[in-house]
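A.B. asks: Next up is a structure, given as structure tokens.
The values are calculated or read from the model by the stated rules, or taken from the named source; none is laboratory data. What you are looking at is a predicted structure, and each value in this text was computed from that prediction instead of being measured. Every residue, glycine as well, gets a Cβ built from its backbone with ideal geometry; the counts of neighbours run over all protein chains shown. Heads up: the accessible areas ignore ligands, DNA and RNA and are worked out on the full protein's heavy atoms, side chains in. Shrake-Rupley method; radii C 1.70, N 1.55, O 1.52, S 1.80 Å.
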Amino acid sequence: MTEGPLWPLVRANLLASLRNPMALIYGWLFPLLFLAGFAALYGDDPVPLALHAGQFFTITILGSAAFGLPTQMVSEREAGLWRHFALTPAPRWRFVVALVLARAVLLAGALLLQHWAARALGMPSLPHPVSTVLALMAAGLCFLCLGAFIGNLVPNVPAVQALGQCIFLPMLILGGVAVPLASLPDWALPFSNLLPGRHAVVSIQTAVTGTGTQAAGFELLALAGHGLLALLAAVLLFRWEPAARLRPGRRGWVLLLLIALWLALVAVAHGRQRSIPAAPDIASAGQPADYERSRPQTAAAPVLASPFAAPTAVPAVAPPAVAAPPVVAATDDLAAALDGVAFERLPTDSGLVAPIADSPPDAVLESALARIQRQLAGWPPARSGSEEQQVRNLLLIAAVPDLLQMDPLERHLPLLVEAQLQARFAAPALQRLLLAIALHPDAGSVAARADLPALGLPAHAGPEPALRGRVMLYAFKLLGRASGRRVGDPSPPDDKPEPDPTQGE
Amino acid sequence: MILIEGLIRSRDGRRVVDDVSITVAPGEIVGLIGLNGAGKTSLLECVAGLARLDAGRVSVAGHPPGSAAARRITGLLMQQPGLPERLRVEETLRLFAGLHGMVPCADLALRLGLTAIGQQQVNRLSAGQRQRLALALALQHRPIAILLDEPATALDPAMRRDLAALLAERRQAGAAILMATHDRDEAISLCDRLVLLATGRLLNHAPGADLADMLLAGPGHD
């Protein structure tokens, strides 16, 4: 009994790679070294490693696809190994697919090792493991098909390096892989649609810190499209011999069709270019004293700073060395205490820091929010400890996604938290609790941040001060809403004269 | 079985096979003899479908070279076979047999001395062992058109005798065998006919030792 037609080729390729020490070093060890360097560079950065997962996973995939697979193909072809395969009845598409699949298995091993290493370095567990695997598979297969196309195109190993760099570097710089798209000038953004790098980063990042597969549907389709087109082109132009010319011959029209389809895909991606989420804002939320009406707004107010700025960049304004104690206190006179809060100084609801949605969620978000609400019913931190601690724990549900820039989910979670709080606490008591938390952000525990995966949200493993700052801001904001002092963003001044009520129709 | 008519093959602007016509009937062994650069390897590559013809016609049992049907019935032993270095001998045999939709031929592996080294990786084999493995790959799917490029290279005398016996059996079974060789004794003892190539052209073909002696004695002989 003979084996299936594809498996013997996949198995042979896999065995050959697993027995090749250099293949394992480049394929498995290098991504780990890269991750270690990444963690060392950004070790002191408040942005969690999870926020860069899309990038470092994509770079691993790119390395295997742009260099690993094409180098293997070209060296085997140059060594004459493929002549034996050319003498068998196996069709060339089967051979190409086997190469891609075998390399995909190796890549899966590399990504798994990298994930474990990232977890060891503090990255929280994956909130959507299935979505993450799906995104990684889609990106991996897409890029490997591209690698098969490269491997077929170039005549020798030095040319692999040259063409690989021509694809690798633009994708790193212009494709949103190493440089966030939000940091690119507008003229460079259309170029990012030419290659699948940005789709890979978005789909993986959405799975790791977002709402999962549904929110990255187009990106996954785009990856599938790019991959399929590259694979078809690789099979069409496949050659067994190094000296054979790239001649599609009678199938040249198919090649033209593939190019047309690729251009169409690029055009669709350009047309659908989703608003690029801004670089994560890890600005200091300030101190409670910054929101006291009796004190003028100081230079210690929140300052936006991008973690992707040059390492030597410094914030425009340094936070005060010693936090001034709040004047407003949670006294028995709640109304007086609320009068002392400068709600208008809080960041806008439509901004990047502590946002709150002002429109209903779409169907995808609604589904995600409903799931979180269901799981919240059995979430232990919502009912453990003092009432203040319970409220603080619930505020983490809004604060962590805000820090991780889980747009657009982060804008709707505060409303979910608000509804929970209103359902569980009477209005005056809730306002006192929120005020206490807002005025004393360093009090209490934020350990429940590690329990967020039970709600399908990523845990937070970054520095506490940033997290407590967001908890403080949301406490202030929900206090403003609960007390009616601030619901939504303040309206801009209206310059139009008011209509004269004495005028008739 | 193997029909070559007016074959022309050029490389880098030079004709490496120049208007060669040869027929190999079933149950016949035809030897290609000639000095280095005569075009023997290029001719075999064209018949196997590894190289493109510039002109002429080649068919293997009525099938064009390189077609799926031709590949099923053709076996080629290359002069410098590239083998999967990281696979074991047994894995290599199983892989290529599987690609032909067959199981490895244990008897053939035994006769070629491959069973004893089945668990060795290909990159650890000696030149002679590699040649035997390449021979097994060429023959294990029982092709009816067999193309051999210097089959006795690196083989010890005992294995050469085994090879001769093996080819005789295949000939007896009706295979058409086209073999390029530098070895006089091999050419005379194995081949029914000899074809003399020089600078890509067919100079003469005839049975017997005279032709072999004429060429293999050295340059300058007509």
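A.B. asks: Among residues belonging to region B:46-65 that are of a type outside the set (A, V, I, L, M, F, W, C) and more than 8 Å from chain A (Cβ to nearest Cβ), point out the one that is surrounded by the most Cβ atoms within 10 Å (Cβ to Cβ). Don't jump to the end; show me each part of the working.
C.D. replies: Taking region B:46-65 first, the residues of a type outside the set (A, V, I, L, M, F, W, C) are B:49, B:52, B:54, B:56-57, B:59, B:62-65.
With more than 8 Å from chain A (Cβ to nearest Cβ) added as a condition, the list becomes B:54, B:56-57, B:59, B:62-65.
Working: B:Asp54: 14, B:Gly56: 16, B:Arg57: 13, B:Ser59: 17, B:Gly62: 9, B:His63: 18, B:Pro64: 13, B:Pro65: 23.
Step by step, filter region B:46-65, then rank; the result is B:Pro65.
A.B. asks: Would you confirm, using the coordinates I've provided, whether A:Gly164 is in contact (Cβ under 8 Å) with a residue 40 or more places away in the chain and either of a type in the set (S, T, N, Q) or open to solvent by less than 40 Å² (accessible area, probe 1.4 Å) (or both)?
C.D. replies: Details: in contact (Cβ under 8 Å) with a residue 40 or more places away in the chain: yes; either of a type in the set (S, T, N, Q) or open to solvent by less than 40 Å² (accessible area, probe 1.4 Å) (or both): yes.
Answer is yes for this residue.
A.B. asks: Hey, does region A:117-126 have a residue that's under 30 Å from B:Ala97 (Cβ atoms) and of a type in the set (Lys, Arg)? Spell out how you get there, then give the answer.
C.D. replies: Of the residues in region A:117-126, the ones under 30 Å from B:Ala97 (Cβ atoms) are none.
Checked against the condition, which is being under 30 Å from B:Ala97 (Cβ atoms) and of a type in the set (Lys, Arg), region A:117-126 yields no hits at all.
A.B. asks: Name the residue that is nearest to the chain's Cα centre (by Cα), counting only residues in region B:119-139 that are over 14 Å from B:Met159 (Cα atoms) and open to solvent by less than 10 Å² (accessible area, probe 1.4 Å).
C.D. replies: Once the filter is applied, the top-ranked residue is B:Ala138.
A.B. asks: Mind listing whichever residues of region A:442-477 are over 23 Å from the mean Cα position of the chain (by Cα) and open to solvent by 10 Å² or more (accessible area, probe 1.4 Å)?
C.D. replies: Correct list: A:Asp442, A:Ala443, A:Gly444, A:Ser445, A:Ala447.
A.B. asks: Within region B:81-88, does at least one residue satisfy the condition of being modelled with pLDDT under 90 and over 21 Å from B:Leu202 (Cβ atoms)?
C.D. replies: Yes, the conditions are met somewhere in region B:81-88.
A.B. asks: Also, I was wondering about something else. Can you tell me which of A:Pro127, A:Pro91 is under 30 Å from the mean Cα position of the chain (by Cα) and more than 17 Å from A:Ala224 (Cα to Cα)? Spell out the reasoning first.
C.D. replies: On the way: A:Pro91 fails: under 30 Å from the mean Cα position of the chain (by Cα).
Within the list A:Pro127, A:Pro91, the selection yields A:Pro127.
A.B. asks: Related question: In region B:186-203, what count of residues is obtained for those that are part of a strand (DSSP E or B) and either open to solvent by less than 20 Å² (accessible area, probe 1.4 Å) or of a type in the set (Val, Ile, Thr) (or both)? Spell out the reasoning first.
C.D. replies: Going residue by residue through region B:186-203, those that are part of a strand (DSSP E or B) are B:193-198, B:201-203.
Those left that are additionally either open to solvent by less than 20 Å² (accessible area, probe 1.4 Å) or of a type in the set (Val, Ile, Thr) (or both): B:194-197.
Count: 4.
Results for (1) closer than 18 Å to A:Ala454 by Cβ; (2) open to solvent by 20 Å² or more (accessible area, probe 1.4 Å); (3) of a type in the set (A, V, I, L, M), shown as yes or no for each residue.
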residue: A:Ala337; (1), (2), (3): no, no, yes
residue: A:Gln373; (1), (2), (3): yes, yes, no
residue: A:Pro408; (1), (2), (3): no, yes, no
residue: A:Arg411; (1), (2), (3): no, yes, no
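A.B. asks: To continue, here is another question. Which ones in region A:443-457 are in contact with a Gly (Cβ under 9 Å, 6 or more places away or on another chain) and farther than 15 Å from A:Arg392 by Cβ?
C.D. replies: Within region A:443-457, A:Ala454, A:Gly456 meet the criteria.
A.B. asks: Can you confirm whether region B:30-40 contains a residue that is within 12 Å of chain A (Cβ to nearest Cβ) and either aliphatic (A, V, I, L, M) or under 18 Å from the mean Cα position of the chain (by Cα) (or both)? If you could, list the steps in order and put the result at the bottom.
C.D. replies: As a first pass, look at region B:30-40 and keep what is within 12 Å of chain A (Cβ to nearest Cβ): none.
Checked region B:30-40: no residue is within 12 Å of chain A (Cβ to nearest Cβ) and either aliphatic (A, V, I, L, M) or under 18 Å from the mean Cα position of the chain (by Cα) (or both).
A.B. asks: Do any residues in region B:181-204 that are closer than 19 Å to B:Met78 by Cα have Cβ atoms under 6 Å from those of residues that are surrounded by fewer than 22 Cβ atoms within 10 Å (Cβ to Cβ) and among the charged types (D, E, K, R), where the two are at least six apart or on different chains, and which pairs are they?
C.D. replies: Close Cβ pairs (under 6 Å, with a partner that is surrounded by fewer than 22 Cβ atoms within 10 Å (Cβ to Cβ) and among the charged types (D, E, K, R)) amount to B:Gly200/B:Arg15; B:Gly200/B:Asp18.
A.B. asks: Scan region B:68-75 and tell me whether some residue there is within 10 Å of chain A (Cβ to nearest Cβ), closer than 23 Å to B:Met179 by Cβ and out of contact with any strand residue (DSSP E or B) (no Cβ under 7 Å at 6 or more places or on another chain).
C.D. replies: Going residue by residue through region B:68-75, those that are within 10 Å of chain A (Cβ to nearest Cβ) are B:68-75.
Filter once more, keeping what is closer than 23 Å to B:Met179 by Cβ: B:69-75.
Those left that are additionally out of contact with any strand residue (DSSP E or B) (no Cβ under 7 Å at 6 or more places or on another chain): B:71-72.
The answer is yes; a qualifying residue exists.
A.B. asks: Among the residues of region B:53-72, which ones are closer than 18 Å to B:Asp19 by Cα and among the charged types (D, E, K, R)?
C.D. replies: B:Asp54, B:Arg57
A.B. asks: Please list, ordered by residue number, the helices (runs of 4 or more DSSP H) wholly in region A:28-137 having 2 or more residues that are open to solvent by 30 Å² or more (accessible area, probe 1.4 Å) and within 30 Å of B:Leu139 (Cα to Cα).
C.D. replies: On the way: elements: A:30-41, A:53-63, A:69-78, A:81-86, A:92-120.
Of the helices (runs of 4 or more DSSP H) lying wholly inside region A:28-137, those with at least 2 residues that are open to solvent by 30 Å² or more (accessible area, probe 1.4 Å) and within 30 Å of B:Leu139 (Cα to Cα) span A:69-78, A:92-120.
A.B. asks: Name every residue in region A:351-385 that is hydroxyl-bearing (Ser, Thr, Tyr) and more than 20 Å from the chain's Cα centre (by Cα), in order of residue number.
C.D. replies: Looking only at region A:351-385, we keep the residues that are hydroxyl-bearing (Ser, Thr, Tyr), and these are A:359, A:367, A:384.
Answer for region A:351-385, where residues must be hydroxyl-bearing (Ser, Thr, Tyr) and more than 20 Å from the chain's Cα centre (by Cα): A:Ser359, A:Ser384.
A.B. asks: While we're here: Could you grab me the full set of residues in region B:119-130 that are closer than 18 Å to B:Pro81 by Cα and within 14 Å of chain A (Cβ to nearest Cβ)?
C.D. replies: Going residue by residue through region B:119-130, those that are closer than 18 Å to B:Pro81 by Cα are B:120-130.
Of everything in region B:119-130, those that are closer than 18 Å to B:Pro81 by Cα and within 14 Å of chain A (Cβ to nearest Cβ) turn out to be B:Gln120, B:Gln121, B:Val122, B:Asn123, B:Arg124, B:Arg130.
A.B. asks: Kindly indicate the residue of region B:83-118 that is open to solvent by 60 Å² or more (accessible area, probe 1.4 Å) and closer than 21 Å to A:Leu24 by Cβ and also nearest to the other protein chains (Cβ to nearest Cβ) among those meeting that condition.
C.D. replies: Applying the filter and picking the extreme gives B:Arg86.
A.B. asks: Let me ask another. With respect to B:Val16, is the statement that it is in a strand (DSSP E or B), touching a residue at least 40 places away in the same chain (Cβ under 8 Å), within 14 Å of chain A (Cβ to nearest Cβ) and among the β-branched types (Val, Ile, Thr) true? Give the derivation first.
C.D. replies: Numbers: in a strand (DSSP E or B): yes; touching a residue at least 40 places away in the same chain (Cβ under 8 Å): yes; within 14 Å of chain A (Cβ to nearest Cβ): yes; among the β-branched types (Val, Ile, Thr): yes.
So B:Val16 fits the description; yes.
A.B. asks: Tell me, please, whether a residue that is assigned to a strand (DSSP E or B), in contact with a Gly (Cβ under 9 Å, 6 or more places away or on another chain) and either modelled with pLDDT under 85 or open to solvent by less than 20 Å² (accessible area, probe 1.4 Å) (or both) can be found in region B:204-220.
C.D. replies: no
A.B. asks: Could I ask something else about it? Out of (1) at pLDDT below 95; (2) within 14 Å of chain A (Cβ to nearest Cβ); (3) open to solvent by less than 10 Å² (accessible area, probe 1.4 Å), what's the single condition that is false for B:Pro151?
C.D. replies: (2)
A.B. asks: While we're looking at this one, here's another question. For A:Leu232, all conditions in the list (1) under 30 Å from B:Ala51 (Cβ atoms); (2) at pLDDT below 80 hold save one; what is the number of the exception?
C.D. replies: Unmet for A:Leu232, out of (1) under 30 Å from B:Ala51 (Cβ atoms); (2) at pLDDT below 80: (2).
A.B. asks: If you check every pair at least six apart or on different chains, which have Cβ atoms under 6 Å apart with a residue in region A:79-93 that is at the interface with chain B (Cβ under 7 Å from one of its Cβ atoms) first and a residue that is open to solvent by 10 Å² or more (accessible area, probe 1.4 Å) and assigned to a helix (DSSP H, G or I) second?
C.D. replies: Final answer for the pair search is A:Leu87/B:Arg71; A:Thr88/B:Leu99; A:Pro89/B:Ala68; A:Pro89/B:Arg71; A:Pro89/B:Arg72; A:Ala90/B:Leu99.
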